[in-house]
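The values are calculated or read from the model by the stated rules, or taken from the named source; none is laboratory data. For clarity, every value in this text was computed on a predicted model and none was experimentally measured. Cβ: placed from backbone, ideal geometry, glycine included. Neighbour counts: every protein chain shown. Ligands, DNA and RNA are excluded from the accessible area calculation, which covers all protein heavy atoms including side chains. Shrake-Rupley method; radii C 1.70, N 1.55, O 1.52, S 1.80 Å.
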Amino acid sequence: MDRPWLWFACYQLGWHLLLPVVLLRLWWRGHKDPGYRQAIAERFGFSQGIRPGAIWIHAVSVGETRAAQPLIEAYLQEGKTILLTCMTPNGRRTGAAIFADAIAQGRLQQVYLPYDLCWSVERFLKAAKPTLGLFMETEAWPTIVFRAAEIKLPVYLINARLSERSARRVARFGNAGRSLFQAFAGILAQTELDAGRYRALGVKHCEVVGNLKFDVVLNPALVEQGLALHVHLEKNNRLMVCAASTREGEEAIILEAWQAVLQMHAEESASASVSGSGPASTAQPLLCIVPRHPERFTEVAELIRASELTLLRRSEIHLDAAGFQKLVDPTAAVVLGDSMGEMPFYYSASDLVVMGGSLLPLGGQNLIEACAAGCPVLLGEHTFNFQQASQDAIDCGAAMRVGGSGSLSSALAAAMSRMLQDQQQRQAMGEAALWYAAHYQGATIRIMAALKGRTA
């Protein structure tokens, strides 16, 4: 596929003109996360000691790195070496934690993906000399993709997804947008919906292989810790709701809803006491909020304090009997999950999950891990990044959608309160969630079969 040269020249000119802004933004982000100020040379293709001849897998950040884990481990088991690139420090830290053994053994190497400048890409490709390139989900960088096609390096878009909104955006670029996706050696899509959108862009080599996120195995040690906390909460007659991977603007909605849930619980307890029917069946429930981005931990802590709800921070709690005792304290209302890589712990400790990214038009976050832990899931109306996965979870009874024409916080409060009171429904949805997470596994095997023998 030939490059659309006029468009590409404008694209390169734009990159070079904006480069000072890009560097200033990188330095500015370093105020909150010093990782952005490290290994800057790699972002221009200067990767010291890079070992050539590996399978190159690009996972932009944390979610994509975790999703790529089963595929990377399968290639490592075959004796292949891996070059893992990312764009964010958190993505790099996640890769370093997951693949620590392979890195120590020299079987996996991590570097930042170079900026999409013609000269930085050229330098990177000459140094790395990968045998195969695999880009996760939505990553389509024109300079890299076109140059790889020119040098006969097969680059595939795997675990690929394309929302209707993104497809319209690509279509606005006309032939330039279509030619970018046509330049991939192939696209391995998550669903038929995604594949149909890619084919509408003129992509000929497109295959449906499923979603790698279903193949991710939850960390057993974190699951064990979470289940231990769940048992401790259960003994104290306390339920926990996890608001997972929340994004900016969502925490305020969730906290408003939670205040209403606590008010309803207090009124039910008072009514039961007056009527002589005894105390409420459960102690005050506990909310755990886990923001998607760690740089927002302090901001969310301030929101919780401003709501006048008692705050506990996960970073200040040891996962032992003393720490668990703090969580069952009836005065504790909200736990801030200010830790990285512990979602299996939070899910395993929870009775209900509210999925972040779906309450506002942000596309939703990954609900599959929550289902794999057997958690019922409440979704907002905005799940376009997980369209098929969300609908499948709803259809099988693992998830419910919350929303409508009225107040979102009121609808969310009503749904949470109803679920917390209905143990039978929580159990049924939890069993459906486990079935759902197991039923759609197998993408790793299908991807490897589709790519067999496809190397430079």
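Please compute the contact order of the chain in relative form: average sequence separation of alpha-carbon pairs under 8 Å and at least six residues apart, divided by the residue count, as a percent.
Numbers: 819 pairs, mean separation 63.4, N = 456.
This gives 14 percent for the chain.
What are the lysines whose alpha-carbon lies under 22 Å from the alpha-carbon of Lys452, with same-chain residues fewer than 8 places away excluded?
Filter leaves Lys80, Lys129, Lys152, Lys204, Lys213.
Treat the stretch 267-402 as a sphere of radius equal to its Kirkwood radius over Cα pairs and apply Stokes-Einstein at 10 °C in a medium of 1.306 mPa s; give the translational diffusion coefficient in µm²/s, rounded to a whole number.
D = 96 µm²/s.
Apply the Karplus curve 6.51 cos²θ - 1.76 cosθ + 1.60, θ = phi - 60°, to the phi angles in the stretch 365-370 and return the couplings in whole Hz, x for Gly and Pro.
Each residue's phi maps through the Karplus curve to give 10, 5, 8, 5, 5, 4 Hz.
Per q in 0.16, 0.29 1/Å, what log10 I(q)/I(0) does a Debye calculation on the alpha-carbon atoms of the stretch 3-62 return?
One equal scatterer on each Cα of the stretch 3-62 leads to -0.80, -1.13.
With θ taken as phi - 60° and the coefficients 6.51, -1.76 and 1.60, list the Karplus ³J(HN,Hα) couplings across the stretch 81-88 in order, rounded to whole Hz; mark glycine and proline as x.
Each residue of the stretch 81-88 in turn: 9, 10, 10, 9, 10, 8, 10, 10 Hz.
Based on alpha-carbon positions alone, could you give the equivalent ellipsoid semi-axes of the chain from the gyration tensor, as √(5λ), descending, whole Å?
Numbers: eigenvalues 357, 103, 91 Å².
In descending order the semi-axes read 42, 23, 21 Å.
Applying the Karplus parametrisation 6.51 cos²θ - 1.76 cosθ + 1.60 with θ = phi - 60° to the phi angles of the stretch 42-54, what ³J(HN,Hα) value in whole Hz is obtained for each residue in order, glycine and proline being reported as x?
5, 6, 10, x, 8, 9, 5, x, 5, 9, x, x, 8
What's the carbon and sulfur percent of the stretch 59-146's accessible surface, probe 1.4 angstrom, rounded to a whole number?
Whole-percent figure for carbon plus sulfur exposure: 54.
Which far-off residues, 5 or more places away or on another chain, put their amide H under 5 Å from the one on Ala54, with H placed in the peptide plane?
Thr131
By what distance, in whole Å, do the Cα atoms of the stretch 1-132 stretch along each of the three principal axes, largest value first?
Principal-axis extents of the Cα atoms in the stretch 1-132, largest first: 44, 41, 26 Å.
Sorted from largest down, what three extents in whole angstroms do the Cα atoms of the stretch 217-276 have along their principal axes?
48, 34, 12
Can you say what percent of the DSSP beta bridges in the chain, counting only those with both residues inside, are antiparallel? Round to 5. Let's see the in-between values first.
Numbers: 0 of 44 bridges.
Counting DSSP beta bridges with both partners in the chain, the antiparallel share is about 0 percent.
Taking amide H atoms as placed 1.01 Å from N in the peptide plane, list the residues 5 or more away in sequence, or in a different chain, whose amide H sits under 5 Å from that of Arg401.
Correct list: Leu379.
Starting from the stretch 365-456, pick out the trypsin sites (Lys or Arg not before Pro) whose DSSP state is loop and whose Cβ has at most 14 other Cβ atoms within 10 Å.
Working: sites: Arg401, Arg418, Arg426, Arg446, Lys452, Arg454; in loops: Lys452, Arg454.
Those that pass, being in a loop and sparsely packed, are Lys452, Arg454.
Along the three principal axes, how long is the stretch 144-228 when you take its alpha carbons, biggest first, rounded to the nearest angstrom?
56, 30, 19
Tally Lys/Arg at +1 and Asp/Glu at -1 over every other residue whose Cβ is under 11 Å from the Cβ of Val223; what's the total? Present the calculation step by step, with values, prior to reporting the outcome.
Details: positive: none; negative: Glu224, Glu342, Glu369.
Charge balance in the 11 Å sphere: -3.
Would you be so kind as to identify all helices of the chain, as entire DSSP H runs, whose Cα atoms reach 27 Å or more along the helix's own axis and whose mean Kyte-Doolittle hydropathy is at least -1.0?
Passing helices, by number: 5-29, 250-275.
Before rounding to the nearest 500, sum -39500 (n - 2.57) across all DSSP H runs of length at least 4 in the chain and divide by the residue total; then give [θ] at 222 nm in deg cm²/dmol. Before the final figure, lay out the partial values.
Values: 19 runs with 223 residues, N = 456.
When only DSSP H runs of four or more count, the value is -15000 deg cm²/dmol.
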